[in-house]
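First comes the structure, then the notes that go with it.
The values are calculated or read from the model by the stated rules, or taken from the named source; none is laboratory data. What you see is a predicted model; the values in this text were computed from it and never measured. Neighbour counts run over all protein chains shown; Cβ positions are idealised from the backbone, glycine included. With ligands, DNA and RNA removed, areas are computed over all heavy atoms of the protein, side chains included. Shrake-Rupley method; radii C 1.70, N 1.55, O 1.52, S 1.80 Å.
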Amino acid sequence: MRALIVGGGIGGLAAAIALHRYGWRVQVLERAAEFTEVGAGLSIQPNALRALDALGLGDEVRERAVTDAPVGTRRADGTWLIRNDVDRLTRRYGFWATLHRADLLDLLHRALPPQTLRPGVRVREVRPDGTVVHSGGTGTADVVVGADGLHSATRRSLWPDAPAPRYAGYTTFRMIAAARPVEGAVESWGRGDRFGYAPLADGRVYCYAMVTGPPDGTGGLTDLRRRFAGWHNPVPALLETVEPGAVLRHDTYELPDLDTYATGRVALLGDAAHAMTPNLGQGAGQALEDAVVLARTLEAARTGDTTVVEALRAYDRIRRPRTQMIARRSRQLGAMADPTRLPPAARDAALRMAPASVFVRSMDPVLSWTG
Ligand SMILES: Cc1cc2nc3c(=O)[nH]c(=O)nc-3n(C[C@H](O)[C@H](O)[C@H](O)COP(=O)(O)OP(=O)(O)OC[C@H]3O[C@@H](n4cnc5c(N)ncnc54)[C@H](O)[C@@H]3O)c2cc1C
């Protein structure tokens, strides 16, 4: 049985690995000329790490990552709002992993035979019968996986009435700061702005900033240094060591809920199906879970016990409620940071009064996934 995967990001490569492990003949069509990743850091939470275990890559990820649970949430002045019991979190859910995106992409590439990867191929149209029209011609397969991200061409082809991605109200900046000791993964909340940092295995520090405002395309390192100048240590010091020109800036978009992730022989996966805000740090994790479940549901089609169409319906039934629940929670968390919806003083008072265990319990359905 043959599978064509549209898009060679984290989701597409994970789907290719999962299907390849079950014996599918797989090809990944990626529009970029090379399979490279410029991104900064990535947080892989315990559920996502279990998905990587299912792909046979969990141990290698743990070797390249810092595997501590997040330490907590602070105010811009440094006051703790939530302080996690890191050991207890790990005992309860397993390891977290923070690593450079390029390291994860490298592991995913190396898990696939080189001939399965076809860079420089832009997909233009996908049909329900498994036909894919692309810049190099036309291909057909028993199953097509649309893993082509937020602005998915697969979704445009087969979900023409799907609502367009909507702006979430903030811009996200990601960067790597020079090596320095930090207390662990921390996120700090100001009046509409947030700043997070987490150590990487080589001592450098992955940093991100979220700035509430219109999607105006402006803002860079100079602006970030000015905005966060009065924040607690080490935020200003971290920003001082970021290289100018090495800041990734993204206006944040999410995809309104789709009615289905599957039609005919085609399934959507990852951001193409459920691009979510980055507040929970679950987007890539959900793409990894999708990949594991997709390959498992398709196994019955490969062995002839069901049809591809039925197997993809089962994938949709399993994955859509969970991913849409997580997207909703991520959106709600983002709303707490928006001062026009919730005054920061009221938010901070509520967060400080609630015991940390309340937040832990609220994440239970997200983190406890076992496949
Ligand atoms: C600021 C920020 C921080 C985040 N932090 C985290 C985090 O800490 N943890 C986490 O789990 N998630 C995080 N996420 C979410 C995560 O980055 C995404 O959910 C994940 O990368 C989605 O992977 P994907 O493969 O579905 O899509 P993409 O990464 O978008 O990959 C799609 C691929 O398809 C290719 N493509 C697109 N169109 C075509 C076409 N027509 N033909 C061929 N190829 C095509 C693209 O070139 C690309 O390689 C974050 C997101 C943002 C914006």
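Here are a few things to note about the model shown:
- Qualifying residue in region 258-271 (condition: crowded, with 22+ Cβ neighbours inside 10 Å, under 30 Å from Gly192 (Cβ atoms), within 16 Å of the ligand (Cβ to nearest atom) and of a type in the set (Gly, Ala, Ser)): yes
- Among the residues making up region 100-133, those that are more than 27 Å from Glu63 (Cβ to Cβ), open to solvent by less than 30 Å² (accessible area, probe 1.4 Å) and away from the ligand (no atom under 11 Å from the Cβ) are Gly130, Thr131.
- Of the strands (runs of 3 or more DSSP E) lying entirely inside region 10-123, those containing at least 3 residues that are under 30 Å from Phe228 (Cα atoms) and over 15 Å from the mean Cα position of the chain (by Cα) are 72-75, 80-83.
Per-residue answers, yes or no, for (1) more than 27 Å from Asn84 (Cα to Cα); (2) part of a strand (DSSP E or B):
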site: Ala162; (1), (2): yes, no
site: Thr172; (1), (2): no, yes
site: Arg180; (1), (2): no, no
site: Gly196; (1), (2): no, yes
site: Leu224; (1), (2): yes, no
site: Asn233; (1), (2): no, no
site: Leu239; (1), (2): no, no
site: Pro244; (1), (2): yes, no
site: His250; (1), (2): yes, yes
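- Failed item, numbered, when Thr340 is tested on (1) part of a loop (DSSP other than H, G, I, E, B); (2) surrounded by 22 or more Cβ atoms within 10 Å (Cβ to Cβ): (2)
- Inter-residue pairs, beta-carbon under 7 Å, first over 20 Å from Asp193 (Cβ atoms) and in region 239-252, second more than 16 Å from the ligand (Cβ to nearest atom) and among the β-branched types (Val, Ile, Thr), 6+ apart: none
- Screening Ala164 on (1) more than 15 Å from the ligand (Cβ to nearest atom); (2) in contact with a strand residue (DSSP E or B) (Cβ under 6 Å, 6 or more places away or on another chain); (3) under 25 Å from Ala291 (Cα atoms) shows it passes everything except condition (2).
- One residue alone among Gly245, Gly203, Gly190 is small (Gly, Ala, Ser) and buried (at least 18 other Cβ atoms within 10 Å of the Cβ), and that residue is Gly190.
- Looking only at region 272-321, and only at residues there that are more than 24 Å from Met363 (Cβ to Cβ) and among the acidic types (Asp, Glu), the one that is nearest to the ligand (Cβ to nearest atom): Asp316
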